[in-house]
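Below is one structure, written out as structure tokens; the observations come after it.
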Amino acid sequence: MTDTSKRQPLTPTAAEDVRHAAEHSGHDSPSYRLAYADSDFMLRDELRAVRLQLEWLKPDLVQEEQGVESTVVVFGGARFLEDSGDPDTPGSGAFYYREARTLSRLVTEFSLAQPGCQFVITTGGGPGVMEAANRGAADAGGVSIGLNIVLPYEQKPNPYITPELCFQFHYFAIRKMHFLKRAVGLVVFPGGFGTLDELFETLTLIQTRKIHPFPVVLVGREYWSEAVNFEFLAEQGAISRSDLDLFSVVDNADEALRVLCGCWCEA
């Protein structure tokens, strides 16, 4: 019987044809370029659907190849830095930074005790709370994910993301989908418009049953009581009172971990 396990493909691969075309090109017209290797063509408005698909596929395939099974997403403000105030003073930026770092270290230690690659810390990849969360995972000797996006400021990969799991996006919508695809928990520290956007997007998807519910924990009781009056929304009938059960509000990393582990153990 013929061994077909090492049979060569009948036709050249796409990568081989790119190399072959570069070596033997005698035509300079853009029309002659291979379509998938023509960056000018790929950036046309008409190719937006293709770019959306690529931004979905690349991070998904890489995470699959790296064995990532589930994630714990940490959201929070880019402006809450390690040196912004006293870390022992609740409500300071340094306090939120420290608590995010602590929580991510604890979650990663829990992750490393599980089979497979589960409960991997995932952030938006930038500074502030995001940096703290990736840093906490590194403190524990684990991997973490950074989903960066091209912005004019406040967005470059922090140095604590696992390099093989550091991604960059153009489309906010695709980035949000990746935040939630493997998520089994969400922890939200204080932040601005971006943090609020991502929080309410997640709560809406859980409320409308577009995704399976998982624990959502808001860290910083005083901050959240001032930032969003959830009770008022329920009193006005804008949300159901039962919607208040979609999330928990805690003061620090230890309390957040208890909520997460409690939900995971129940599951």
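Among the residues of region 70-98, which ones are within 21 Å of LEU196 (Cβ to Cβ) and hydroxyl-bearing (Ser, Thr, Tyr)?
If the condition is that a residue be within 21 Å of LEU196 (Cβ to Cβ) and hydroxyl-bearing (Ser, Thr, Tyr), then THR71, SER84, SER92, TYR96, TYR97 are the ones that fit.
Mind telling me which of the residues VAL129, VAL107 ends up being among the aliphatic types (A, V, I, L, M) and closer than 14 Å to GLY191 by Cα?
Every option except VAL129 fails the conditions.
Being in a helix (DSSP H, G or I), among the aliphatic types (A, V, I, L, M) and either touching a helix residue (DSSP H, G or I) at 6+ places or on another chain (Cβ under 8 Å) or surrounded by 11 or more Cβ atoms within 10 Å (Cβ to Cβ) (or both) is the filter here; which residues of region 36-79 pass it?
ALA37, MET42, LEU47, VAL50, LEU52, LEU54, LEU57, VAL62, listed by residue number.
Return the pairs, sorted by first residue and then second, in which the second residue is basic (Lys, Arg), the first residue lies in region 103-125 and is part of a loop (DSSP other than H, G, I, E, B), the beta carbons are less than 9 Å apart, and the residues are 6+ apart or on different chains.
GLY124/ARG175; GLY125/LYS156
Could you say which residue among VAL143, VAL129, VAL107 is surrounded by fewer than 24 Cβ atoms within 10 Å (Cβ to Cβ), β-branched (Val, Ile, Thr) and either at pLDDT below 95 or within 18 Å of the chain's Cα centre (by Cα) (or both)?
VAL143
Quick grid of which residues meet (1) modelled with pLDDT of 95 or more; (2) in a helix (DSSP H, G or I); (3) within 17 Å of VAL72 (Cβ to Cβ):
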| site | (1), (2), (3) |
| --- | --- |
| ALA173 | yes, yes, no |
| LEU180 | yes, yes, yes |
| ILE206 | yes, yes, yes |
| ILE211 | yes, no, yes |
| TYR223 | yes, yes, no |
| ALA238 | yes, no, no |
| ASP254 | yes, yes, yes |
| CYS261 | no, yes, yes |
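Starting from region 231-259, take each residue that is of a type in the set (S, T, N, Q) and list its partners that are part of a strand (DSSP E or B) and surrounded by 11 or more Cβ atoms within 10 Å (Cβ to Cβ), counting only C-beta distances under 6 angstrom and pairs at least six apart or across chains.
Every condition considered, the pairs that remain are SER248/VAL217.
Give me the residue from region 80-102 that is of a type outside the set (A, V, I, L, M, F, W, C) and outside any loop (DSSP other than H, G, I, E, B) and, out of that set, farthest from ALA183 (Cα to Cα).
Step by step, filter region 80-102, then rank; the result is GLY93.
The values are calculated or read from the model by the stated rules, or taken from the named source; none is laboratory data. The model shown is predicted, which means the values in this text are computed figures rather than measured ones. Positions of Cβ are generated from backbone atoms using ideal geometry, with glycine treated the same way; all protein chains shown enter the neighbour counts.
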